[in-house]
1. Scanning segment 83-100 for residues that are of a type in the set (Asp, Glu) and assigned to a strand (DSSP E or B), which turns out least open to solvent (accessible area, probe 1.4 Å)?
2. If we keep just the residues of segment 54-82 that are among the aliphatic types (A, V, I, L, M) and touching a Phe, Trp or Tyr at 6+ places or on another chain (Cβ under 8 Å), which is surrounded by the most Cβ atoms within 10 Å (Cβ to Cβ)?
3. Could you tell me which residue of segment 18-34 is farthest from residue 83 (Cα to Cα), considering only residues that are crowded, with 16+ Cβ neighbours inside 10 Å and either free of Cβ contacts under 8 Å to residues at least 60 places away in the same chain or not assigned by the TED database to the domain that holds residue 98 (or both)?
4. Restricting to segment 12-70, give me the number of residues that are of a type in the set (D, E, K, R) and in contact with a strand residue (DSSP E or B) (Cβ under 9 Å, 6 or more places away or on another chain).
5. Quick one: which of 80, 21, 61 is part of a loop (DSSP other than H, G, I, E, B) and of a type in the set (Val, Ile, Thr)?
6. Within segment 3-61, can you find the residues that are modelled with pLDDT of 85 or more and among the basic types (Lys, Arg)?
7. Inside segment 37-81, can you point out the residues that are touching a residue at least 24 places away in the same chain (Cβ under 8 Å) and among the hydroxyl-bearing types (Ser, Thr, Tyr)?
Amino acid sequence: MAERQGREPECPVCWNPFNNTFHTPKVLDCCHSFCVECLAHLSLVTPARRQLLCPLCRQPTVLASGQLVTDLPTDTAVLTLLRLEPHHVILEGHQLCLKDQPKSRYFLRQPRVYTVHLGPEPGSQTGPPQDMGPTTRSLPIPIPSHYSLRECFRNPQFRIFSYLMAVILSVTLLLIFSIFWTKQFLWGVG
């Protein structure tokens, strides 16, 4: 979608600004772009699983056998405009999943996995149908656990940093005591 005056490009269904996670712009055959979360919702409620109707012009986009909405082409023009690189979001059942990879090979850390639940499994709903409109969820902020120090020591860079700080502290204390002892010895003799 074209950027409106001074505003970020947004999904025309949920009106959330496009990003490179769960609101990644995906292009349908009609060249309209929608966020992957809205298209995933649409694919789950569409009776014909291999066909998506564009919410704006109703032109069908046929998905190949086994193709998911997350495999649709990404609107790289919008991501370029936002100065973002695409992430690979996958659809597993009724959840969108994003695996956050480390940016550098020197910064070793475990990848984080973020998910967005898209709704109940078919047939598990009781009572009248509820509104299943798209929901906005930002990436969760990791909550520090009581294992955080143990996890820090698993990081090789943190271990090297800790050892270097221990060596620097030991050498500093050794120098301070040796200077103090030398002054006492020389002053005591003279």
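1. Just the residues of segment 83-100 that are of a type in the set (Asp, Glu), to begin with: 85, 92, 100.
Now narrow it down to the ones that are assigned to a strand (DSSP E or B): 92, 100.
On the way: 92: 105, 100: 32 Å².
Going through the qualifying residues, I end up with 100.
2. It comes out as 78.
3. Top of the filtered list is 28.
4. 4
5. 21
6. 26, 58 - these are the residues of segment 3-61 that are modelled with pLDDT of 85 or more and among the basic types (Lys, Arg).
7. 43, 61, 70, 74
The values are calculated or read from the model by the stated rules, or taken from the named source; none is laboratory data. Given the structure is predicted, the values throughout are model-derived calculations rather than measurements. When we count neighbours, we look across all protein chains shown, and the Cβ atoms used for this are built from the backbone with ideal geometry, even at glycine. Please note that ligands, DNA and RNA were not included when accessible areas were found on the heavy atoms of the full protein model with its side chains. Shrake-Rupley method; radii C 1.70, N 1.55, O 1.52, S 1.80 Å.
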